[in-house]
Each structure stands twice: as structure tokens, then as C-alpha cells.
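To start, the structure under review is shown below, and the notes come after it.
Every number in this text was worked out from the coordinates using simple rules, so none of it is lab data. None of these values were measured; they are calculated from a predicted model. Reconstructed Cβ throughout: ideal geometry from the backbone, glycine too, with neighbour counts over all protein chains shown.
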Amino acid sequence: MGADTVLSIGNSQLHQVVEVRIPNTIDYFTQDEALIEANRCWLAPHFLDENNGFDLVFRSFIFEADGRVVLVDPCTGNGKPHPIPFFDNLDVPFIELLGETGFRPEDVDFVVCTHLHHDHCGWNTELRDGKWVPTFPNARYIMQRSEYLRWGPEADKHPEFALNVGVFEQSVRPVVEAGLADLVDGAHRLTPDLGVEPAPGHTLGHQLLRLVSGDAEALFCGDCFHHPIQLVDPMIPFGDAEDQTLVEEMRRKLAARAADTGALLIPAHLPEPCGVRAWREGAKISFAAAAPDFR
Ligand SMILES: [Zn+2]
């Protein structure tokens, strides 16, 4: 656990609050040795260690833009039951760690949930006097309406997803009932420098958050990919995409967009430095880990 500054994006300092780190290995994603070796030069050391390992990091990002405080993907939360022991009934000093980044819950103006899986909306709420109440009382919680419907009012139209049972009731419904949720349809601007856009595939209503600061740009792209090897081969699956074809298409689009615009890709769970940049070399797109001072 820890709270620290991970990147500069233009004028914004990006901090993270880490809830859980889960060691993983690349062979969980692919056993293609040739592919791994061909990309080791840029994956190592940040995204691949000498034992082919890396951590899946469960964290929230927090930063200021246009004078507003933004928190992206509020993790799993404390005291919530979960079938995976790593996430079950957590007791993490998340709010204290948030404080180390210089922010208090009441400072947060926007909470952006890229989607409504347990690890992206859990700290939406905390338990007080036996009731789940909003953790960030002054924030607008930004969610895609289609994602809200999929997990809430229209959940029975979709297959049950065992890893998300109970999440809507504990982590989503209370902020909607408190009048703090903005359910948006597609692209939506939050401030001149900040906006959300649909990025479907991992879930049907998945969105990304775009930050433009100075001449730097970052795309907080949630679970569009979980390891950068999936940018090289977008067909490498990870567990539980709701629409595998859409998520593959999303990865291709993100790689091309990053290469063409210089935008930094910041998915939810990458180890530090958290971001990937891309550029074109002839017909090929090349990738590298973000430099800490990305400008
Ligand atoms: Zn996730």
C-alpha cells in the first residue's frame, strides 16, 4: 500500500492511492514465448520482471485539473464481501492514504467510475452507522447510464456475474439515491480539459476519461487492457470481458490514437509508471513505458 505521485501530465500531478497489489505472471495472459521476448525490451523492467512477473495494482488515481479535484476508479472499498480473498472484507486505510496525497474526501469534485465492477466503484460508499453512504459528499459521480442500467434496473437482462454480486446495492445505489450521480449518455465534458467517452468491451457501458493539460494528453482507460502486451496483440483475453470483439477493437483504437496524438494510455491496473506511450514506425506501432515526467 502507499500513496504517491506517479506522473506529471502537463500541469497536473497524478497521484495514486493503492488498495491492493496482486502478483501475476505474463503466462496468465499469453504463453507465446516469441511474442514475450520480442517485447521484453520495452516491457521490462516496469511491466515485466526477470521472472516474467508483474503486479496487478488496484488503485485510484487522483489529480487536479481546471481547479477541480478528480478521483478515477475508487477501488473495492472496505468491509464489502467478495468471493476472491484478495478483495474480501478489506480493511485498508484508504482515506488516510488519500490524505497523504494532500486531498480529503470532501475535496473531491468528480468521481469517475470507468465501469461498475467491484474494483472501480467500491469507495463510492463507506459504511456509517450500519448504512452505506457516499464517501465523497461534495462530488458528482460520473457513470455511463448504460452501465448503470446494466448492473441495476436492467441487471436481469444480462448474465449474472458472480464477482459483482451485491456491488450495485452497496456501492452504486446509495450515491444515486443521495442525488450525487450524473448518469451520462456517451461523450460528456466535465470541464474544458476533462471529458468522458464511451470505451465499450470490457463491460458494455465502459467509459474512459480524457485529460488535456498544457500540450499533454492522457486517456484513463480503465480495464480496456490489463497488461500492455494486449496492445501488441489485442486478441489476448483477460478473464471477463462482456464483449471480447468490442474490447479487441477498443485496444486497436487506443493504440492507434496514442500513436497519432501522443496521448498517454493509463489503464487502471498497470504497475508504475502506470502509463504507456506509443508512436508509429512505418506500418508498425511501437510502445514504451511512460517517463515519470510526461509532457
Ligand atoms: Zn478492474
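What to note about this one:
- Normalised contact order of the stretch 2-294, rounded percent, pairs of Cα under 8 Å and 6 or more residues apart: 18
- The length gained on full extension between GLU160 and LEU35, counted as 0.36 nm times the residue separation minus their Cα-Cα distance, comes to 41.5 nm.
- Dipole magnitude of the stretch 53-140, debye to nearest 20 (Cβ charges: Lys/Arg +1, Asp/Glu -1, about Cα centre): 260
- The stretch 1-127: C-alpha gyration tensor shape, a/c 1.5 cut-off, then a/b vs b/c: oblate
- 18 Å Cα-Cα reach of LYS253 towards lysines, excluding residues that sit fewer than 8 places from it in its own chain: LYS284
- With all projection directions averaged, the alpha carbon convex hull of the chain covers 14.5 nm².
- Residues whose amide H falls under 5 Å from that of THR203, counting only those 5 or more places apart or on a different chain, are GLU242, with hydrogens built in the peptide plane.
- For LEU208, distant residues with modelled amide H under 5 Å away: GLU197, ALA199
- Positive-end residue of PHE47, GLY79, PHE220, charge dipole of the chain with Cβ unit charges: PHE220
- Only Lys, Arg (+1) and Asp, Glu (-1) charged, at Cβ; the stretch 2-294 dipole about Cα centre in debye: 520
- Residue-wise HN-Hα coupling along the stretch 6-22, computed from phi with Karplus coefficients 6.51, -1.76, 1.60 (Hz; x: Gly, Pro): 10, 8, 9, 10, x, 8, 9, 8, 9, 10, 10, 10, 8, 9, 8, 10, 10
- A simple charge model with +1 on the Cβ of Lys and Arg, -1 on the Cβ of Asp and Glu and nothing else charged puts the dipole of the stretch 227-276 at about 220 debye relative to its Cα centre.
- Within straight-line cross-link reach of LYS80, lysines at Cα separation under 18 Å, skipping those fewer than 8 residues along the same chain: LYS131
- Cα gyration tensor category, rounded, prolate or oblate, for the stretch 133-199 with a/c compared to 1.5: oblate
- Residues whose amide H comes within less than 5 Å of that of VAL184, counting only those at least five positions distant or on another chain, are MET143, GLN144, ARG145 (H built at 1.01 Å from N in the peptide plane).
- Each part gets one Cα centre, and for the stretch 22-86 versus the stretch 222-258 those centres are 14 Å apart.
- Whole-Hz Karplus values for the stretch 163-175 come out as 6, 10, 5, x, 5, 4, 5, 8, 10, 10, 3, x, 6 Hz, taken residue by residue from phi with 6.51 cos²θ - 1.76 cosθ + 1.60 and θ = phi - 60°; glycine and proline positions read x.
- Exposed loop sites are taken as GluC sites (Glu not before Pro) in a DSSP loop (any state but H, G, I, E or B) with at most 10 other beta carbon atoms within 10 Å; the longest stretch of the chain without one runs 161-295.
- Computed from the Cβ-Cβ distance with R0 of 35 Å, the FRET efficiency linking HIS188 to ALA44 stands at 0.40.
- Helical mean residue ellipticity (222 nm; -39500 (n - 2.57) per DSSP H run of 4+; nearest 500) of the chain: -5000 deg cm²/dmol
- Dipole axis of the stretch 2-294 (+1 Lys, Arg; -1 Asp, Glu on Cβ), positive-most option in TYR28, GLY67, ALA255: GLY67
- Residues listed by number, the stretch 75-105, amide nitrogen under 18 Å from LEU127 label point at 7 Å toward C-beta: 75-96
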